[in-house]
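Worksheet: one structure, shown below.
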Amino acid sequence: MTRQQNRFDGERLTQTIIGAAIEVHTILGPGLLESAYQDCLCYELEQLGLKFECQPYVPFRYKTIHIDRVFRPDIIVENLVILELKSVEKILPIHESQVQTYLKLSALRTGLIFNFNTHLLKDGIRRVDLYSRPPKDVSLSPDSPHSP
């Protein structure tokens, strides 16, 4: 499989996942706990025949030590895409940074954040790629001791 074919398949996979999330949101609407959306989204993924894990522990190495049980993404689909589910007022830069960290530590390249607490789910979806820069949370003043 060429890199171009793999990218297309990855795009098709993310579109399929987004469609499943929209189905869940269309039926349930906003206002529930994340766990309700997670259970329903896992059901939809299963119905689509996709392989996934719900809240798996993802091991990683830190310098010379192996860390087994430090972080748990909400869902990993086809061992390619990390899903982070939210039910918050809005997606914040820290949520995108969190998914960036998950991608870096897991060696996966694509993440999707779904905020189900919106009237239209399309307004609560963010794609995060391993090599994209997360938004800045704050800017340092020129006289800050941490400024370059």
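The values are calculated or read from the model by the stated rules, or taken from the named source; none is laboratory data. Values in this document were obtained by computation on a predicted structure and should not be read as measured data. Counting neighbours? That spans all protein chains shown, and the Cβs are built from the backbone with ideal geometry, glycine included.
Pull out all pairs, ordered by first then second residue, where Cβ-Cβ is under 7 Å, the residues are six or more apart or on different chains, the first lies in segment 31-49 and is closer than 15 Å to Leu83 by Cβ and touching a residue at least 12 places away in the same chain (Cβ under 8 Å), and the second is assigned to a helix (DSSP H, G or I) and not β-branched (Val, Ile, Thr).
Cβ pairs passing all conditions: Tyr37/Leu28; Cys40/Leu28; Leu41/Ala20; Leu41/Ala21; Glu44/Ala20; Glu44/Glu23; Leu45/Ala20; Leu48/Ala20.
Need at least 1 residues that are over 16 Å from Ala20 (Cα atoms) and over 13 Å from the mean Cα position of the chain (by Cα) per element, so show me which strands (runs of 3 or more DSSP E) inside segment 42-141 make the cut, counting only ones lying wholly within it.
By residue number, 58-62, 65-71.
List every residue pair whose Cβ atoms lie under 7 Å apart, where the two residues are 6 or more positions apart in sequence or sit on different chains, the first residue falls within segment 57-71 and is farther than 11 Å from Leu105 by Cα, and the second residue, located anywhere, is of a type in the set (Lys, Arg) and surrounded by 10 or more Cβ atoms within 10 Å (Cβ to Cβ).
Once the first residue is farther than 11 Å from Leu105 by Cα and sits in segment 57-71, its partners that are of a type in the set (Lys, Arg) and surrounded by 10 or more Cβ atoms within 10 Å (Cβ to Cβ) give Tyr57/Arg72.
Quick grid of which residues meet (1) over 17 Å from Leu121 (Cα atoms); (2) touching an Asp or Glu at 6+ places or on another chain (Cβ under 9 Å):
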site: Ala21; (1), (2): no, yes
site: Gly29; (1), (2): no, no
site: Glu34; (1), (2): no, yes
site: Glu46; (1), (2): yes, no
site: His66; (1), (2): yes, no
site: Arg69; (1), (2): yes, no
site: Ile91; (1), (2): no, no
site: Ile94; (1), (2): yes, yes
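Show the residue pairs meeting these rules: Cβ distance below 6 Å; 6+ apart or different chains; first residue within segment 105-130 and more than 20 Å from Arg12 (Cα to Cα) and modelled with pLDDT of 95 or more; second residue aliphatic (A, V, I, L, M) and crowded, with 17+ Cβ neighbours inside 10 Å.
Matching pairs, first to second residue: Asn115/Ile91.
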